[in-house]
Each structure stands twice: as structure tokens, then as C-alpha cells.
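Read through the structure below, which is laid out as C-alpha cells, and then see the notes.
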Amino acid sequence: MLQPDPTEAERLNIPTTDLGHHTFRSGLAALSVRVAQAVLSLISAIVLARLLTPEDFGVVAMVVPFVILTNSMANQGFQTTLIQAPELTRGQASAFFRFALRANLTLVACFVAASFVLAWFYDESRVIALSAVWGTLIWLVTLTAFQEAMLKRAMRFPTVYAIHFAALVAGIASAIVAARLGAGYWAILLQAVVVEVVRTISVYTISRWTPSGDGAAAQGTAEPLRAFWWSLAGFRFASWASEQPDRLLVGRLGGAQTLGVYDTAHRWSWYAFAEPFITLSDIAVASLSRVRHDAAQYRLFFAREARAILTLGLPVITFMAVEPASTIRVLLGPQWDAAVPFVRLLCIAAFFGSFTRLTQWVYFSSGTTDRLLRWSLAVQTPLLLVAVLLGALAGPRGVAIGYTAATAALALPAVWWSVAGTPLSLGGVMRAASRPVAAAVTAAIAVLAASPLLPQAIGTSRLLASLSLYVGSFLLAWLAAPGGKGAAHELLLAIRELKRRSEP
């Protein structure tokens, strides 16, 4: 088997010494940038919601499910495959790169061809041009997906997220200008194009990795990478088949206008969890993969990352579930009031679904995506499909009810199945989640109980009053629980230690 020289090894395989410090530093830096991204994205979403119509968002939402499917199997799948590999030579990566180019071209071709079926399904011809542009963009991203993966393997997450932030700024600025000029739904696509172009150029400039000429000789040694990717691609297709049909059905039943409202409600309901999850996933998988044979370290790393992401996401999700009307009215404007019933339901789905999403870290880091695929094909996908199809009999709202009920029912079984044969246990995962869950639920109950005493008019006054009560109740519940003060003290000590190590 071809072996890289020492310099190449340093580039493809991260140092395992002081991995906890690497993980914590990367996580803190990533979260700092992601917080800035979240604030910027929030502002842009508010602005675009006032410049564009629900129908504009609905037309784009007709294409987005297939964009998600194609990109998650292609570029995101290739990156996850590379990141989870305990050891990686340049020849293996080069051989896998050539395979990725061919595979991605096939996936994109299928995506563009499917756009004609979508146009018939929705009775909406505008999706064809959107799909053609988006498909071309997805294939071009493949050219630098590997360079970004190598930066992540080297734990250079601060660099990666700085690139993402700069690309997001450029994309949002372009979208807002285009929307003000009357570009309509094309403004949303323009944002995606600008983001990926800026990101691609930046990554290509910074990363030193290029495919080598020995890729053909290393074809055999890259077989484990291809096998992992096939399992991962199969899981992501099955997962997509369970997570996206609700949007497809709502679009079919209600058209672009209703789909725009539903998709916006879906994105806002999941936003608080999805943002930190996307940020921490690569870091979590990279670190957990390196300690997969050390049970104590594996449990420690997983508990720390899971507790962090749930503490960030669950409070926002539960608050939106109990106060959706004022939240939507203040953030998006009265033209989005129709999203309120969907937000309340889908926040419940996001609360329970966050546990199912966290199990992906276990499968990816332990290399057991075959178990994940079996779970998705045998349990998750069939149950969710049946639930949303039955719900569709009652219209778009019924679809949301079916999706929420199935997502909640799957949460604990999904965790139980994922931890089998790993250093983790169902009880251990629940203990890691207990503090943020208990604090979020307690704060939500406090707001619901005090609702008659809060300002009754939907708007800013009620939002500020309920939010103040919620934050105070959450912090009190967090600190009052056993070990609350100790947990806060440990966090402060960890930050101080990070600062000390960062000093020259």
C-alpha cells in the first residue's frame, strides 16, 4: 500500500496528542463564528421575508428537497467519508476523488432529469430552470469538497468557518440587493451561487491538497472509503425519503403559496438546533473517530458535545413552541401569520427529532452506517411515510401532525438502536441530555402558566415579556438542578485554560 511522506501524513491525518484541546478549541472557535453566522442569517431572513413573498419561497422549496438529497449524498457524503477515516493516504484520497467526480456527475444528471417530473408533479414549470442552475453548482463544488475535508481532518475548523462566514456575507448581500431590484425567487438562488463560488475559491486558495498521479494504483486501498460512502449514501437517501415527503405533499396539496408558508415554518422550527448541529458535526465525528477504541474518552466526548448542542438548541425550540404567534409576527411580519400553526407543531417535532439527529455522530464515528441504513429502511422511513400520507387526508395541517407524531415516537428507539455495541448507553445519552431538557421544559411551563398575565396583544410587548420570563426560568432551572453550579464553574475553568494555552 502506498504510504505518504511525513509532510503529507501531517496534512491527511490529524495529530492525536492533546485531542481534547484540539476538539474544544475547534468547537469554541466554530461556535463563535457560527453564532455570528446565525445572527447574520437571522437578519437576512427577516429582510428577505419582507422583500419576497411566500410564493417566491414556495417555488424554491419545490426544488430544495432534491438539492438536499443530491448534495448530502455527493459533496457532504464525500467529506464525511474522508473525515471519519482513521488513516488516509494521498493515494487513497486521490482514487476516491476520481470516483467522487464520476458519482457526483451521475447524481447531478439524475437531479436535473427529475426536475421535469417535478414540473409535472407541482404543475410548476419554473422549477426546471432552477434545477439546472442548482445542479451545475453542486457538481462544481465537488472540485474543492476534498480540499475542505482535508482542512477539517487537520482540525482547521476556525479557518473553514471563517471562509464560510465570508461566503455567507457575500451571498446575503447579493440576495438582498437582487430582491430589492425585483428578482423574486431568483434572489434566493443567487445567494446559494455566490456563497459556493466564494467558498470554493477561498478553499482552493488555502488548501494545499491536490489529487496525485498514484490514484489509479491506490484504487484497491480506497475500496473501504467507497464502501463507507455507499452505505452513507443509502442511509441519506432513506433518511431523505422520510424527512422530505411532508414538503412534497404540502406543495402538491397547496401549491407554491402554502408550501412557502410550510417550508418557512419548518426551517424556523429546526433552525436553533440545525445551526449548531451542522457546525459541531464535523468536529464531533472527527474527534469521536479518533477515540472510538477508548470507551471512557468516547463517552466523555459524546456527552460534552451532545450537552452543548442541546443547550443551544432546545431552549429556542421550546420557546417558539409556546410563543409562535408573536415570534413570527415580530420577526417575519403579518404576511406570515399563516405559518403559526405549523411552527407550533414542527417545534415539537424538532424537540424530539434533535435526539434522532444526534445518533448520526455515533454511526459515522464508529463506521457502522450499515446499522443506520437498516434502521432507516426498516423503521424510520416506513413509519414517517405512513404518518404523512395518512395526515395528507386532512390537508397540509394533517401532514404536519403526522410528521410530528412520527418524529416524536421514533426519538427514544432511534437512540437505543444507535448505541448498541458502542461505549454509549441509552441511559448515558439521556443523562447527558437531562439538564438542557429539564430546564427548557420547565421554562416553557412557566411561560404557559403565566400567559394570562402577559400582554395579550400579539406583537413586540408580548414577545419581550414572555422571552424575559422564559430566559429567567431556564437559567434558574439549569442552576437549581443538582450540579448546576459545578457545571457552570467547570465551563469557566475550561475557557480560562483555553485562553492560557492560546497565549504565545
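3J(HN,Hα) couplings calculated from phi for the stretch 145-159 with the Karplus curve 6.51 cos²θ - 1.76 cosθ + 1.60 (θ = phi - 60°) are, in sequence order, 4, 6, 4, 5, 4, 5, 5, 5, 4, 7, 6, 8, 5, x, 5 Hz; Gly and Pro show x.
Hey, if you drop one equal point scatterer on each alpha-carbon of the stretch 267-386 and run the Debye formula without solvent, what base-10 log of I(q)/I(0) do you get at q = 0.09, 0.13, 0.18, 0.23 Å⁻¹? Result of the Debye calculation: -0.32, -0.62, -0.97, -1.22. The 3J(HN,Hα) values that the Karplus relation (6.51, -1.76, 1.60; θ = phi - 60°) gives for the stretch 160-177 are, in residue order, 4, 6, 5, 4, 4, 5, 4, 5, 5, 4, 5, x, 5, 4, 5, 5, 5, 4 Hz. Gly and Pro appear as x.
For the pair THR136 and LEU479, label points projected 7 Å from Cα toward Cβ lie 5.7 nm apart.
Comparing Cα centroids, the stretch 418-442 and the stretch 360-411 end up 20 angstrom apart. Taking the number of Cβ atoms within 10 Å of each Cβ as an exposure proxy, the fewest-first ranking of TRP270, TRP230 is TRP230, TRP270.
Run the dipole for the chain about the Cα centre, Lys and Arg Cβ at +1, Asp and Glu Cβ at -1, nothing else charged, and hand back the magnitude in debye, nearest 20.
About 680 debye.
Computed from backbone phi, the HN-Hα couplings of the stretch 407-415 come to 4, 5, 5, 8, 4, 5, x, 5, 5 Hz, rounded to whole numbers (Karplus: 6.51 cos²θ - 1.76 cosθ + 1.60, θ = phi - 60°; Gly and Pro given as x). When the helices of the chain are scored as -39500 (n - 2.57) per DSSP H run of n ≥ 4 and the total is divided over every residue, the value at 222 nm lands at -28500 deg cm²/dmol.
The ALA113 and ALA378 beta-carbon pair, evaluated with R₀ = 25 Å, returns a calculated FRET efficiency of approximately 0.30.
Neighbour counts of other Cβ atoms within 10 Å put THR159, THR264 in the fewest-to-most order THR159, THR264. With no solvent and one equal point scatterer placed on each C-alpha of the chain, evaluate the Debye formula and give log10 I(q)/I(0) for q = 0.05, 0.06, 0.07 Å⁻¹, two decimals. Here log10 of I(q) over I(0) equals -0.19, -0.27, -0.38. Within the shell of other residues whose beta carbon sits under 15 angstrom from the beta carbon of LEU385, the net charge comes to 0, with Lys and Arg scored +1 and Asp and Glu -1. Shown for ILE43, ILE83: other C-beta atoms within 10 Å of each C-beta, ranked fewest to most, produce the order ILE43, ILE83.
Annotation for THR460 and ALA129: the two label points, set 7 Å from Cα along the Cα-Cβ direction, are 3.9 nm apart.
Readers should treat all values here as calculations from the given coordinates under stated rules, not as data from a laboratory. Because the structure is a prediction, the values reported are computed rather than measured. Note: ideal-geometry Cβ built from the backbone for every residue, glycine included; neighbour counts use all protein chains shown.
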